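Chemist: The structure's right below; bear with me while I get my questions together.
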Amino acid sequence: MVLPPTVKLNNGHQMPVIGLGTYLAKNKEGVEAVKVAVDAGYRHFDTAYFYGNEKEVGEGLRAKISDGTVKREDLFVVTKLWNCFHDPKHVETAFQKSLENLNLDYIDLYLMHMPIGYEFRGYEEDLFPTDAEGNLCFSDVDYLDTWKAMEKLMATGKVRSLGISNFNSKQITRLLEVATVKPVTNQVECYLQLTQKKLTKFCKDLDIVITAYSPMGRPHDFGTNPNIPKPALEDERVKEIAKKYGKTTGQVILKYLIQELGVVPIPKSSNTERIKQNIDIFDFTLTPEDCKTLASLDNNVRTNPFNLCKKHKYYPFNEEF
């Protein structure tokens, strides 16, 4: 088995250039998806407290450690601080709960899920707090204070790296002015129709890696949400390139994100064959002509603009990048 290459983070740790996204992968399906992925060569696994599946991800990984397929040090495990826990007094408890859910000795990368804080109503329930009219209930905690609390976690030895998610360039600049621990990654939506080239360059210049969630777009939501374009998976131009290499359109898209954009995609799947296909992308190279064709699909469409958060003072998507 040929394992995916890694990218060196700004603190010296190595992160595999592709990972398994686990959003919505719960119960037995989640456990099995993780086990299949380990056997297929994945070593990078992305979850979050909000996903409600840290226990399943941990169970799958521990099973593959127990049967000798991998050692803990072979794995790169990512989870995230949820928006309800931005108050510094909640950060350590929230982190500890994630660590206990995963049931691992340490977490490789802990992200702030968003720069936006929500009202705290407990650790186990009301993770999406709303008022009587259905409006999200925010907190006004400054994400800089949240980050400072996250930095203290580094002293525990239970987390190796810290990062951010859904931050814009101005928020990153503001964070770096006070940070004593530099974020190693910014996890954002990134796919063929939203390639985030300006943000990617901005982060690269700061030695911050872009991790790409929803790297295929949101094909299952096409037709149900007016924001979501026809999936690039079905585009005739992408199909032609895939046919040339004997690959799937999904494999072509993931290859482009890694080869041309230099981002780290984390495709989500619980389908055994698709999990295997998504990592089988290191035996071909796209030509400059292929890349030019694929670049032409970019129309700067964000499929998940977090519309419910638009009134928050730290809403990240009002800036150009």
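The values are calculated or read from the model by the stated rules, or taken from the named source; none is laboratory data. All figures in this text were calculated on a predicted structure; none of them were measured in a lab. Cβ atoms come from the backbone with ideal geometry, glycine included; neighbour counts cover every protein chain shown. Accessible surface is based on the protein model in full, side chains and every heavy atom, while ligands, DNA and RNA are left aside. Shrake-Rupley method; radii C 1.70, N 1.55, O 1.52, S 1.80 Å.
Chemist: Give me the mean projected area, in nm² to one decimal, of the convex hull enclosing the Cα positions of the chain.
Modeler: That works out to 15.9 nm².
Chemist: Turning to a different aspect of this structure: Just tell me which lysines come within less than 20 Å, Cα to Cα, of K239; anything on the same chain fewer than 8 places away is out.
Modeler: K230, K247, K255, K276, K292
Chemist: Another question, then. Once you keep just the Cα pairs under 8 angstrom separated by 6 or more residues, what percentage relative contact order results for the chain?
Modeler: 18 percent
Chemist: With a 10 Å cut-off between alpha carbons and a GNM built on the chain, which of N299, N307, N227 moves the most?
Modeler: The residue that fluctuates most here is N307.
Chemist: Still on this model: Suppose the Debye formula is applied to equal point scatterers at every Cα of region 1-92; what is log10 I(q)/I(0) at q = 0.12, 0.13, 0.22, 0.26 Å⁻¹?
Modeler: -0.40, -0.47, -1.10, -1.30
Chemist: Take the chain, connect every pair of alpha-carbon atoms lying under 10 Å apart with a spring to form a Gaussian network, then pick out the residue of P288, P265, P129 with the largest mean-square fluctuation.
Modeler: The residue that fluctuates most here is P288.
Chemist: Placing one identical point scatterer on every Cα of region 76-211 and ignoring solvent, what is log10 I(q)/I(0) from the Debye formula at q = 0.10, 0.21 Å⁻¹?
Modeler: With no solvent term, the Cα-only Debye profile gives -0.33, -1.29.
Chemist: Just the accessible area for M1, please: 1.4 Å probe, Å², rounded to the nearest 10?
Modeler: The accessible area comes out at roughly 150 Å².
Chemist: Take the alpha carbon gyration tensor of region 197-321, find the square roots of its eigenvalues, order them as a ≥ b ≥ c, and report rounded if a/c is under 1.5; if not, report prolate when a/b exceeds b/c, else oblate.
Modeler: Cα axes put region 197-321 in the prolate bin.
Chemist: Let me have the 222 nm mean residue ellipticity of the chain computed from DSSP H runs of 4+ only, each contributing -39500 (n - 2.57), with the sum over all residues rounded to the nearest 500.
Modeler: When only DSSP H runs of four or more count, the value is -9500 deg cm²/dmol.
Chemist: Could you sort 112-124, 184-196 so that the peptide with the highest average Cβ count within 10 Å comes first and the rest follow in order?
Modeler: With the highest mean Cβ count within 10 Å placed first, the list reads 184-196, 112-124.
Chemist: Using all C-alpha to C-alpha distances in region 120-175, build P(r) with 5 Å bins and read off the rounded percent in each one.
Modeler: 4, 13, 17, 19, 21, 16, 7, 2, 1
Chemist: Hey, another quick one. Taking amide hydrogens as modeled 1.01 Å from N in the peptide plane, which residues meet the under 5 Å criterion relative to V159, leaving out close sequence neighbours?
Modeler: Result for V159 returns I107.
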